[in-house]
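Have a look at the structure below before the remarks.
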Amino acid sequence: MAGGSSINVLEQFELHPVLGGLGEALRFSQSPLYMIMAVCVVLMFLYMGMRPAAVVPGRLQAAAEVCYEFIHNMAVDTIGPEGTAFFPFIFTLFFFILAGNYIGLLPFSFTFTSHIAVTFALAMMVFVLTVIVSLKVQGLRFFAHFMPEGASPFLAPLLIPIEILSFLSRPVSLSIRLFANMVAGHVMFDIFASFVIMLAGFGVVGDVFAVGPIAINVALMALELLVGVLQAYVFAILTCIYLREAVAH
Amino acid sequence: MGVIKKMLRAGLLATVSGVSLLAVSAPGAYATGMPQLDFANPLVTGQVMWGAVIFFVFYMVLSKAMLPGIARVLEDRSKRISGDLEIARAAKQDADKAVAELQQARKDAMAEAQAHLDQVLAEEHKAAEQQMQEINARVTAEIADAEKRVAEEKTRALSALKEIASDTTQAMVQRLTGIVPDAQLVAQKVESASAHSTI
């Protein structure tokens, strides 16, 4: 705790080099470490689940298959027949974010999706991909999208900048949505946890009232479990929608 | 009380700081604001580099190994289900065919039996009719035979009657007249008399 007496709710987002000097030299903080852990958890889950490769699946295999089919349906239903090509990317994106969100909910752990650098990098990756796919599929007609069809040509000076701005703001909104949700959730955890410590300073009455913030934190955990999967879903479905626009002729 | 407070404080300290257990040293915050916005910190930008590498590896492992494996299992299952359905459909078709064949065979057998029965009946009928005709013919022949015999007998009797009548006439004439009549004349008279009255 910074300063010892006051509680710094932002301290949980600080990065610290792993393995001392080596981590510092490689810029390897706990954030990439948790990324590796998240990736390993997902891969282990899929590997363990699909190892029997049974015709009649067990629980774990059924869960792995549900994950596969959920993302596959989302990709194909949203993007269209071309969705199968982007499915592995959407799957990777969804489970990278989901595992990051959920591992961050464990006590003493770190949430790499609470860093704008990470979420913005993911959003930029999606943005660049959609631009590349758009240019490849539509060619120069891609730029025609910035002038809505049927609109009066007199409105063009107004509409075209707005369309370009809204297009360019996609990665910003995509990244800030995830980042802000994760930060807000973890800050709330911290604030209510700090209330417990504050109340503990008021003796027996404080101890009794401290049950309140703890109960709220339990409820918050349920909320964060929802937010974690919801934000991963939103990120993935928006990526699908952007890709559908990109592959549309 | 104090102990609980201290424990809580220690627990919260560990939670709030959120430091990975693997982090050996914590060189302290680089800035007073949000640590996420401290882009002067090489660790913040380092996340992007490492994240890109990790994401790429994750993507490669998933797209080359994991997801095709799951797709194969799902495809195998759907193939097997459709194959089983196909087998069941074929079995049903076979059963339907067998039932149809059975019904056809029953119909054929019934028709054959009916034909056989008709034939036997017709044969019996014909045989009976033939027998009847034979009997009729025999009876007719016998009747004709008998009638012929009766007629012969009658003719013979009648011829004998004429003889008797001639003899009787001769005798009666001889007795009455004492003359022996001419036999030929008597016979002629009897003949003509008998011709008037039929017996």
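Values in this text are rule-based calculations from the coordinates and carry no lab data. Computed from a prediction, not measured in an experiment: that's the story for all the values here. No Cβ is skipped: glycine too gets one built from the backbone with ideal geometry, and neighbour counts run over all protein chains shown.
Miscellaneous remarks
- Across segment A:114-237, the volume of the C-alpha convex hull divided among the residues equals 139 Å³ per residue.
- Cα shape, segment A:50-183, gyration tensor, a/c 1.5 rule: oblate
- In segment A:13-247, the convex hull through the Cα atoms has an average projected area of 19.3 nm², a quarter of its surface area.
- In degrees, nearest ten, helix A:30-50 long axis to first principal axis of chain A (Cα): 70 degrees
- From most to least packed by mean Cβ count within 10 Å, the peptides A:185-193, B:85-93, A:118-126 give A:118-126, A:185-193, B:85-93.
- Shielding value for A:41-54 is 3, the average number of Cβ atoms from other chains within 10 Å of each residue's Cβ.
- Ranked by the mean number of other Cβ atoms within 10 Å of their residues, highest first, the peptides A:79-87, B:188-196 come out as A:79-87, B:188-196.
- Mean partner shielding of peptide A:96-105, defined as the number of other chain Cβ atoms within 10 Å of each residue Cβ, is 1.
- Computed from the C-alpha gyration tensor, the three semi-axes of the ellipsoid equivalent to segment A:1-96 are 37, 17, 15 Å, from longest to shortest.
- Here the protein assembly as shown is treated as a sphere whose radius is the Kirkwood value from Cα pairs; by Stokes-Einstein at 37 °C and 0.692 mPa s it diffuses with a coefficient of 104 µm²/s.
- Packing-based ranking, highest mean first, of B:42-54, A:160-172 given that Cβ atoms within 10 Å are counted: B:42-54, A:160-172
- Relative to its Kirkwood radius, the Cα radius of gyration of segment B:104-199 gives an Rg/Rh of 1.67.
- Residues whose amide H lies under 5 Å from that of A:SER29, counting only those 5 or more places away or on a different chain, are A:VAL18; hydrogens are built 1.01 Å from N in the peptide plane.
- Partner chain coverage, peptide A:88-94 - average Cβ within 10 angstrom: 5
- Nearest-ten-degree value, helix A:170-200 long axis tilted from longest Cα axis of chain A: 10 degrees
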